[in-house]
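The values are calculated or read from the model by the stated rules, or taken from the named source; none is laboratory data. Note that the coordinates shown come from a computational prediction; the quantities given were computed from them, not determined experimentally. Using ideal geometry, Cβ is built from the backbone for each residue, glycine included, and neighbour counts are taken over all protein chains shown. The accessibility values were calculated without ligands, DNA or RNA, using every heavy atom of the protein model including side chains. Shrake-Rupley method; radii C 1.70, N 1.55, O 1.52, S 1.80 Å.
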Amino acid sequence: MTGKVVHFELPADDVERARTFYTDTFGWQLDDMPELDYIWVRTVATDDRGQAAEPGAINGGMTARQDPVTGPVITIEVEDIDTALAKVVACGGRVVQERAAVGTMGFTAYIADTEGNTIGLWQNA
């Protein structure tokens with residue numbers, strides 16, 4: 001596992017209200033991804049691959065508040081989601097949402113750690 005935090009997700013009860021808040025308060029750029037029913041949140045400039053261009057910075061997403069994203073979620077990059085999910089269970093966590101493809105970009109899954117926190121997992125395609 002790489003173990004790096006590579007993304008965050010913010011749930012919103014009113015996505016337009018949240019969009020206005022984060023744009024006006026922090027200057028973030030929010031772009032609709034209608035094919036995924038998702039909003040891409042850019043906190044810093046991106047490179048030609050869409051990754052944060054600033055070392056140590058991460059960008060994220062916003063979605064309507066619903067399971068499994070009911071509170072802020074950090075997403076951790078893994079080499080293989082299936083292996084990571086097995087390790088999560090072996091270490092006392094649980095799988096909240098199984099592996100799912102995200103377009104052609106990669107795969108995501110959600111877990112709960114031993115403290116009940118929801119954490120996203122990400123595997124590049």
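Restricting attention to segment 31-40, does a residue exist that is within 15 Å of Val5 (Cα to Cα) and aliphatic (A, V, I, L, M)?
No, segment 31-40 contains no residue that is within 15 Å of Val5 (Cα to Cα) and aliphatic (A, V, I, L, M).
Is there any pair with a first residue in segment 48-66 that is on the phi < 0 side of the Ramachandran plot and a second that is small (Gly, Ala, Ser) and in a loop (DSSP other than H, G, I, E, B) whose Cβ atoms are under 8 Å apart and which are 6 or more apart or on different chains, and what are they?
Taking only residues 6 or more apart or on different chains, the pairs are Ala52/Ala45; Ala53/Ala45; Glu54/Ala45.
Taking the conditions exactly as written (surrounded by fewer than 17 Cβ atoms within 10 Å (Cβ to Cβ) and either in contact with a helix residue (DSSP H, G or I) (Cβ under 9 Å, 6 or more places away or on another chain) or of a type outside the set (Gly, Ala, Ser) (or both)), does Thr118 satisfy them or not?
no
Got a sec? Which of Glu77, Glu35, Glu98 is crowded, with 18+ Cβ neighbours inside 10 Å, closer than 22 Å to Gln123 by Cβ and charged (D, E, K, R)?
Result of the check over Glu77, Glu35, Glu98: Glu77.
Any idea which of Ala86, Ala112 is hydrophobic (A, V, I, L, M, F, W, C), open to solvent by 30 Å² or more (accessible area, probe 1.4 Å) and more than 22 Å from Val41 (Cβ to Cβ)?
Ala86
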